[in-house]
Amino acid sequence: MEQDDVYLIDLWRVLEREWKWFVVPLILIVALTFTYLQGVKRQWEATAWIQIGQVDTAPMGQDPKVEPMMRVIDRIQMIPFQNEVVRSIGLSPDSPEAQLYRKSLKLEPLTYEGPLVKLRVLATSPELARQLASATVTQLQTVHQKLESVSLTLAQERLQEVDAELQSATAARDAVQATILRSGSGVVDKDTQASALAGVLLATRNQEIHDLQMARGELVNRLSPAYTYETALMWPVYVPRSPVFPNPVMILGGGILAALFLGTLVAIGRNALRRKN
């Protein structure tokens, strides 16, 4: 402990004696730090939460999502996809803004919250950051709409088939009821066996209609917005007012620490040279 005290006192005396060599690097590094903060381009971060679309008419045990989450993430990370995104807002794929977009793009799967995909991207202005995040979602929507259209077409065709079968079964049931009424009113000869057969046929038609109505109701429910929806933003794109880069406090603090270290090192070196001479 005493050795440390002596060492610190000696160091202080060196700095006091070589204060000019300590102050000059300190001022230089701090000035360079301020110059860097003034000259560097600021960057804003946009955050978006993407809900993957689904058509909930898939067979039991199959994922109703238009595209699995990890495949969505792989797709967004593909360079051709990203080039289409930047072109859609009028940027060249080789522009600095596009390069920053590709470099800063981060995707995080949120499996237990939707599932959702959290997207973060940097840009040199809040407006551009918001544009790039929104354009990424729009491009993904364009891809998914083509995939959704096949499943939706098949589901709509199945609904039309059920409607046609229901209409046919209802007409057949009405015909059976009319026959039973005519038989009961004496228009046709009363026959116990024929009446029983007609009753069984009527019950069969009623059960068929009930099953078709249940199937139709389930299909309509699955095609409702609660179960079938497009890929979209869950909430508006969020961009904070302040830039995320550069961080003035962190950079200025790091600059001051570096200046103190370099100033101390230069002062000690100058003192060693003075002793040799």
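The values are calculated or read from the model by the stated rules, or taken from the named source; none is laboratory data. Every value quoted in this text rests on a predicted model; they were computed, and no experiment measured them. Cβ: placed from backbone, ideal geometry, glycine included. Neighbour counts: every protein chain shown. What goes into the accessible areas is simple: the full protein's heavy atoms, side chains included, and nothing from ligands, DNA or RNA. Shrake-Rupley method; radii C 1.70, N 1.55, O 1.52, S 1.80 Å.
Available extension along the chain between Met70 and Arg241 is 58.4 nm, counting 0.36 nm per residue and deducting the alpha carbon span. Length, then width, then depth: along the principal axes, the Cα atoms of the chain run 138, 51, 27 Å.
Give me the 1.4 Å probe accessible area per residue for the chain, excluding ligands and nucleic acids, in Å². Don't skip to the answer; put the middle values down first.
Working: 17770 Å² over 277 residues.
That works out to 64 Å² for each residue.
For Ser125 and Leu257, what does the FRET efficiency come to when R0 = 35 Å and r is the distance between their Cβ atoms, rounded to the nearest 0.05? Calculated value: 0.65.
Please compute the contact order of segment 41-245 in relative form: average sequence separation of alpha-carbon pairs under 8 Å and at least six residues apart, divided by the residue count, as a percent. The partial results should precede the final answer.
Values: 274 pairs, mean separation 79.9, N = 205.
It rounds to 39 percent for segment 41-245.
Within the same chain, lysines fewer than 8 places from Lys20 are excluded, and of the rest, those with a Cα less than 25 Å from its Cα are Lys276. 3J(HN,Hα) along segment 96-104, derived from phi through the Karplus expression 6.51 cos²θ - 1.76 cosθ + 1.60 where θ = phi - 60°, amounts to x, 5, 5, 5, 5, 4, 5, 5, 8 Hz, with x in place of Gly and Pro.
Of all lysines in the structure, those lying under 21 Å Cα to Cα from Lys65, and not within fewer than 8 positions of it along the same chain, are Lys118, Lys146.
Close amide H contacts of Gly53 (hydrogens built in the peptide plane, cut-off under 5 Å, sequence separation of 5 or more or a different chain): Val66, Thr231, Ala232.
Rounded to the nearest 10 degrees, the angle from helix 126-184 to the longest Cα principal axis of the chain is 10 degrees. Taking the protein heavy atoms of segment 41-245 in the context of the full set of protein chains, the accessible area attributed to carbon and sulfur is 54 percent at 1.4 Å.
The angle separating the long axis of helix 19-39 from the principal Cα axis of greatest extent in the chain is about 30 degrees. Computed from Cα atoms, the angle from the helix 192-222 axis to the main principal axis of the chain rounds to 20 degrees.
Full extension of the chain segment joining Ala172 with Thr111 gains 17.0 nm, where the gain is 0.36 nm per residue of separation less the Cα-Cα distance.
Surface listing: Phe245, Phe261 arranged by accessible area from highest to lowest gives Phe261, Phe245, probe 1.4 Å. Here the sum of -39500 (n - 2.57) over DSSP H runs of 4 or more residues, divided by the residues of the chain, equals -23000 deg cm²/dmol at 222 nm, to the nearest 500. Quick one: Cα centre-to-centre distance for segment 73-148 and segment 12-50, in angstrom? Rounded to whole Å, the Cα centres lie 34 Å apart. Compared with the alpha-carbon gap, the fully stretched path from Lys103 to Ala31 is longer by 22.9 nm at 0.36 nm per residue.
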